[in-house]
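Below: one structure, written as structure tokens.
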Amino acid sequence: MPARRTDGAYRHRARTVRWRWWILAVVILLHVVMYFTSSKLRDMLDDGLLDQGVTGKMMVIYSMKDIDLLDLRAQGMFADFFHVLGALKFGEAHRAAGVRVHFDTAMFVTKPGDNYWSYFFNEKLLIDPNARNPAEVHFNRYLARFGMLGTFSDFAHGRRRPHLQPFPMPHPSCGESCSVPFLNNITHRYIQPTRALSAIVDAFAAQHFRDKYVIGVHFRGTDKVNICSECVADYNAFGVVMDRVIANVPEGQQYVIFFATDETDALTWAMLRYPGHVVYQEKAARLPRNHTDGHLGAHKSSAFTPWEKGSSVVIDVLLLAKAKYLIKNRSSVSDAALLFNDNPYLNFSFILSNSLVFHYQGDKEMFRGLNYPRLANESRYGETATPSSESAALGSNLSPVAVKGAK
């Protein structure tokens, strides 16, 4: 039997092995601790462990930026809008003096350093009108629930799984406080479009909407198809819902369809299907489905100036908000239109997929299957009208509920 080695090299290797085992043991222990404490830590963070005090102060909120290292991306304009709503809701709950919005997202500002929010809406949103020169709290930290790595949007929406429980459907975690009527009330109390923008919207409405039953339709396409292909129903699915709404227009009243979309193909389809009834913004930021920037979306495309992108989507929202009935798919744009509408209980249809629609009808909310005949030349994206796995999950996770206070 060979003699045991006792030279220095052997002892060094032995110590190295022992240290590696110790490091491995510590890593395993940390994983075990994190496994059992992560939910508690998350609950503590959600309860405000690292939140800044805002009572009596002006909350200053910022837009998220592109951070490649963390795979974070700047938000679209109306995703930012829900950041503002969440901040207002948080501010009211904690008796803040108000919210000052500073959004300098590069794709929407006309020059570096500008605040694009002020192009379209009031910059200071006072919660306490009696506050005089309140101290400011800046939400630009990285280690915080609300800051450069997170927004107040979840505080507006409630804790949701976006693919299975998207807004504006009801959610049990927050009940009425994340409902359309509740957020509609916050929107009307605090957020006012500029006079110049309101004048453009009012002029369009006077020309096209007067004495007519306005059906607002928002089709969100382009990059949405790449983000969630099952989330974008085809044009014919929209047609089925639109036909049913048109069939129920009050007798003797003419209807008009205001069609908002970021996809030129969708607008062409609507004009061909409903000739003489479709109106739209002529100079809105739209792309053909096969455009080289289609995977980015119109809001990130270099084909339009920041002002064209920003102003056209805000005008679309405010015109959709004048509808008597809204038909939409998944988008913060048409979500915001519900909140700007003068009727907090507006009837709407939310097309979740080719096979499932969520309807809000006055005093109740319901799911309906969407089974429609498809013609060979009406196919889009090559999808079929059979229920998807996501649709099945939606149907099983959310049941119809009554809405309190609906009129």
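The values are calculated or read from the model by the stated rules, or taken from the named source; none is laboratory data. All values reported here derive from a predicted model rather than from experimental measurement. Neighbour counts run over all protein chains shown; Cβ positions are idealised from the backbone, glycine included. In case anyone asks, the SASA skips ligands and DNA or RNA and just uses the protein heavy atoms, side chains included. Shrake-Rupley method; radii C 1.70, N 1.55, O 1.52, S 1.80 Å.
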ask   = Using a simple spin-label model with points 7 Å from Cα along the Cα→Cβ vector, what separation in nm is obtained for THR305 and ASP114?
value = 0.8
query = Amide H to amide H, which residues 5 or more places from ALA97 or on other chains are under 5 Å from it, using H placed in the peptide plane?
reply = GLY56, LYS57, MET58, MET59
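Taking a threshold of 21 Å on the Cα-Cα distance, which of the pairs LYS65/LYS328; LYS65/LYS309; LYS57/LYS89; LYS111/LYS309; LYS57/LYS124 fall above it? Mind showing how you got there, number by number?
Working: LYS65/LYS328 28 Å; LYS65/LYS309 18 Å; LYS57/LYS89 14 Å; LYS111/LYS309 14 Å; LYS57/LYS124 12 Å.
Result: LYS65/LYS328 exceed 21 Å.
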ask   = LEU356's amide H: which non-local residues (gap 5+, or another chain) put their own amide H closer than 5 Å, with H modeled 1.01 Å from N in plane and none for Pro or chain starts?
value = LEU370
message = Place a point 7 Å from Cα of ARG195 in the direction of its Cβ. Which residues in the stretch 117-141 have their backbone N less than 18 Å from it?
response = 118-124
request  = Give a residue-ordered list of calculated ³J(HN,Hα) values for the stretch 349-358 (Karplus: 6.51 cos²θ - 1.76 cosθ + 1.60, θ = phi - 60°; whole Hz; x for Gly, Pro).
outcome  = 10, 10, 7, 7, 6, 5, 10, 8, 10, 9
note = Under a 1.4 Å probe, counting only protein heavy atoms, SER177 has an accessible area in Å², nearest 10, of 40
For ASN122, residues with placed amide H under 5 Å, excluding near neighbours = GLN192
remark   = the stretch 239-285: spread of alpha-carbon positions along the three principal axes, whole Å, largest first, is 35, 19, 14
inquiry  = Just to check I understand the Karplus step: with θ = phi - 60° and J = 6.51 cos²θ - 1.76 cosθ + 1.60, what whole-Hz values come out for the stretch 318-324, glycine and proline as x?
reply    = 5, 6, 4, 5, 8, 6, 8
note = By accessible area (1.4 Å), largest first, GLU251, GLU92 order as GLU251, GLU92
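Computed over the Cα atoms of the stretch 140-186, what is the convex hull's projected area averaged over all directions, in nm²? Write out the running numbers ahead of the final one.
Details: hull surface 15.1 nm².
Taking the Cα atoms of the stretch 140-186, their convex hull projects to 3.8 nm² on average.
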query = Using the beta-carbon distance between LYS212 and ARG95 and R0 = 45 Å, what value does 1/(1 + (r/R0)^6) give for FRET efficiency, to the nearest 0.05?
reply = 0.50
ask   = According to a simple spin-label model (label point 7 Å from Cα along Cα-to-Cβ), what is the distance in nm between ASP128 and LEU143?
value = 2.9
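Provide TRP269, TRP307, TRP21 ordered by accessible surface of protein heavy atoms (probe 1.4 Å), highest first.
Working: TRP269 45, TRP307 115, TRP21 165 Å².
Descending order: TRP21, TRP307, TRP269.
Kindly report the accessible area of the stretch 109-158 per residue (heavy atoms of protein chains, probe 1.4 Å, no ligands, DNA or RNA), in Å². Kindly include the intermediate steps, with their values, before the conclusion.
Numbers: 2720 Å² over 50 residues.
That works out to 54 Å² per residue.
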